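Engineer: I'd like to ask some things about the structure below.
Rule-based calculations on the coordinates, nothing more; no lab input. Given the structure is predicted, the values throughout are model-derived calculations rather than measurements. A quick note on method: Cβ atoms are made from the backbone with ideal geometry, for glycine too, and the neighbour counts reach across all protein chains shown.
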Amino acid sequence: MICPSCSHDNVSGNDRCEECLTPLFDLDTPRADTEGLSRSVMEDDLRQLEQEFLGVSPDTSASEVIEKMRESRVGCALVLENGKLIGIYTERDLLNKLTGKKAFSSTTAIKELMSANPETLQETDSVATAVNKMSMGRYRHIPVRKADGTYSVTSIKHVLKYIAKAEW
C-alpha cells in the first residue's frame, strides 16, 4: 500500500507507514468525503436515477401484464391493490412460472405468479444502498417508495446509466 503522505510502498496489511508512521488503515474503504464516483454513489439518493413505473391490479392476467410490459419496454410490473404495493412481477417470474413442464396458464391472475411483499427502498436512500440491496437480494429491479406515497422502480440498468453519464 502506498502511503498518501510520503509515497513509501508499504507491505499490504500494515497499519502505519514504515517510513513516516502515517496511519494506513481504512484508506481502501470508500467514504462519502472522497471525490468522484465513490462520493456520488454514497451521497446521491435515488432521485438522481432514472426510474420507471408500470402498475397492475392483482387480478390482471399474466398475458395482459406481459403485453403491458412489452409495450412500456420495462422489465417488471408492480402489483398494487388500493395503492398499496403487494407484489412485483418480473421477467424472472415470467421465465420461472410460465415456461417448462409445470408452467401456469397465461390467463392466470398475476397475484398467483408475482413475488409477494417485495423489499422496497425510499427515494431518499443512497445509490449505494440500492446497489447493495440488489446485489444481496439478487434483484435487477427494486420498488422505490416516493415521498408522496406512490411507487416507481429502479433497476441495475438505471444505476449503470447513472455511473456512465458523469465524468468522474
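Engineer: Provide the FRET efficiency to the nearest 0.05 for the Ala103-Glu81 pair, computing r from the beta carbons and using R0 = 22 Å.
Structural biologist: 0.30
Engineer: Moving to a separate point now. Starting from the Cα of Lys102, draw a straight line to each of the aspartates and glutamates and keep only those under 15 Å, dropping any in the same chain fewer than 8 residues away.
Structural biologist: Asp93, Glu112
Engineer: Moving to a separate point now. On C-alpha positions alone, give me the angle between the axis of helix 62-72 and the longest principal axis of the chain, in degrees, nearest 10.
Structural biologist: 50
Engineer: Pop a pseudo-label 7 angstrom from the Cα along the beta-carbon direction at both Glu50 and Ala147 and give the gap in nm to one decimal.
Structural biologist: With each label placed 7 Å out from Cα toward Cβ, I get 2.4 nm.
Engineer: Provide the gained length on full extension for the span Ser61 to Glu43, in nm with one decimal, where the gain is 0.36 nm per separating residue minus the Cα-Cα distance.
Structural biologist: 2.5 nm
Engineer: While we're on this one: If you add up the charges near Lys111, with Lys and Arg at +1 and Asp and Glu at -1, over every other residue whose beta carbon is less than 11 angstrom from its beta carbon, what do you get?
Structural biologist: Within the 11 Å Cβ shell, the charges total -3.
Engineer: Please turn the phi angles of the range 10-19 into ³J(HN,Hα) values with the Karplus equation 6.51 cos²θ - 1.76 cosθ + 1.60 (θ = phi - 60°), one per residue in order, whole Hz, x for glycine and proline.
Structural biologist: Rounded to whole hertz, the list is 8, 5, 4, x, 5, 7, 9, 5, 5, 8.
Engineer: Rounded to whole Hz and in sequence order, give me ³J(HN,Hα) for the range 49-60 from the Karplus expression 6.51 cos²θ - 1.76 cosθ + 1.60, θ = phi - 60°, writing x for Gly and Pro.
Structural biologist: Result, ordered by residue: 8, 5, 9, 9, 7, 9, x, 9, 8, x, 8, 5 Hz.
Engineer: Helix-only estimate, please: 222 nm mean residue ellipticity of the chain, summing -39500 (n - 2.57) across DSSP H runs of length 4 or more and dividing by its residues, to the nearest 500.
Structural biologist: Value at 222 nm, helices only, nearest 500: -8000 deg cm²/dmol.
Engineer: In nanometres, what is the gap between the two model label sites at Asn14 and Glu91, each 7 Å from Cα along Cα-to-Cβ?
Structural biologist: Placing both labels 7 Å beyond Cα along the Cβ direction yields 4.8 nm.
Engineer: In whole angstrom, how long is each semi-axis of the equivalent ellipsoid of the chain, when you take the square root of 5 times every eigenvalue of its Cα gyration tensor and sort them from largest down?
Structural biologist: 44, 17, 13
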